[in-house]
Amino acid sequence: MNIIRNYRNWRRYRDTVSELSRLSNRELNDLGIARGDIPYVARKAS
């Protein structure tokens, strides 16, 4: 079912954005991620 798959992908995206947003700029930098790149990284993860 596409609806269920889309919902799961959306939840995974939101969870990833939430997790990454909680990190400090230094922690994000250690991972090689800029704060502005969080949505892009989250889309790639889902």
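The values are calculated or read from the model by the stated rules, or taken from the named source; none is laboratory data. Computed from a predicted model, the values in this text were never measured in an experiment. All Cβ positions, glycine included, derive from the backbone under ideal geometry; neighbour counts span all protein chains shown.
Please determine whether any residue of the range 22-45 is surrounded by fewer than 11 Cβ atoms within 10 Å (Cβ to Cβ) and at pLDDT below 95.
Yes, that holds for at least one residue.
When Met1 is evaluated against the numbered criteria (1) surrounded by 11 or more Cβ atoms within 10 Å (Cβ to Cβ); (2) modelled with pLDDT under 95; (3) not hydroxyl-bearing (Ser, Thr, Tyr), which criterion, by number, is the only one it fails?
The failed condition is (1).
Of all residues in the range 1-25 being of a type in the set (A, V, I, L, M) and more than 16 Å from Asp37 (Cβ to Cβ), which is farthest from the chain's Cα centre (by Cα)?
Only one residue fits best here, namely Met1.
Among the residues of the range 7-22 satisfying the criterion of being touching a helix residue (DSSP H, G or I) at 6+ places or on another chain (Cβ under 6 Å) and of a type outside the set (S, T, N, Q), which is farthest from Ala42 (Cα to Cα)?
So, considering only residues that are touching a helix residue (DSSP H, G or I) at 6+ places or on another chain (Cβ under 6 Å) and of a type outside the set (S, T, N, Q), the one farthest from Ala42 (Cα to Cα) is Leu20.
Just checking, how many residues over the range 26-46 are aromatic (Phe, Trp, Tyr) and more than 12 Å from the chain's Cα centre (by Cα)?
Residues in the range 26-46 being aromatic (Phe, Trp, Tyr) and more than 12 Å from the chain's Cα centre (by Cα): 0 in total.
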